[in-house]
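The values are calculated or read from the model by the stated rules, or taken from the named source; none is laboratory data. What you see is a predicted model, and the numbers here were worked out from it, not measured in a lab. Heads up: the accessible areas ignore ligands, DNA and RNA and are worked out on the full protein's heavy atoms, side chains in. Shrake-Rupley method; radii C 1.70, N 1.55, O 1.52, S 1.80 Å.
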Amino acid sequence: VKPMTPRCTVPKAVPVGKSASLHCHESEGYPKSTYSWYRNSEPLSPDTKPNARLHNSSYTLDPTTGTLVFHAVHKGDTGRYSCIATNDAGFAKCEEQEMEV
């Protein structure tokens, strides 16, 4: 069963240095969906080992729960966030939501 549009919760504004939790969930898909997050249409890697593009990343992303947690946000984390739920039958995307840091 194709996933339905996931419910995404993104905090509107987060002070610099604070933690932020973004959630994404849908319950219709079978088999169970996995989740991927995007910032400004760029995929956020679930693997945050330091590399050139993510040199300052301080988040953990759990593809099975759809939870994206920033441990200490910085200005660069400001942007439009969206999430895609995917399973063998297809995928569905939630509306982009702005997070201000």
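Ignoring ligands, DNA and RNA, what percent of the accessible area of the chain is carbon or sulfur (1.4 Å)? Intermediate results must be reported in sequence, preceding the final value.
Values: 3290 of 5840 Å².
Accessible surface attributable to carbon and sulfur in the chain totals 56 percent.
Can you give the relative contact order of the chain as a percent, counting alpha carbon pairs under 8 Å and 6+ residues apart?
Working: 253 pairs, mean separation 39.7, N = 101.
It rounds to 39 percent for the chain.
What does the extension gain come out to for ARG7 and LYS32, with contour length at 0.36 nm per residue minus their alpha carbon separation? Can you show the working numbers first?
Working: separation 25, 0.36 × 25 = 9.00 nm, distance 1.49 nm.
Full extension from ARG7 to LYS32 adds 7.5 nm.
Report the equivalent ellipsoid semi-axes for the stretch 5-97 in whole Å, largest first, defined as the square roots of five times the eigenvalues of the gyration tensor built from alpha carbon atoms. Please report the intermediate quantities before stating the final value.
Details: eigenvalues 107, 40, 24 Å².
Over the Cα atoms of the stretch 5-97, the ellipsoid semi-axes are 23, 14, 11 Å.
From the protein chains alone at 1.4 Å, what is the descending order of accessible area for ASP88, ASP77, largest first? Show your work: numbers first, answer last.
Working: ASP88 140, ASP77 10 Å².
Correct descending sequence by accessible area is ASP88, ASP77.
How much accessible area per residue does the stretch 5-97 have, in Å², with a 1.4 Å probe? Let's see the in-between values first.
On the way: 5330 Å² over 93 residues.
Using a 1.4 Å probe on heavy atoms only, each residue of the stretch 5-97 averages 57 Å².
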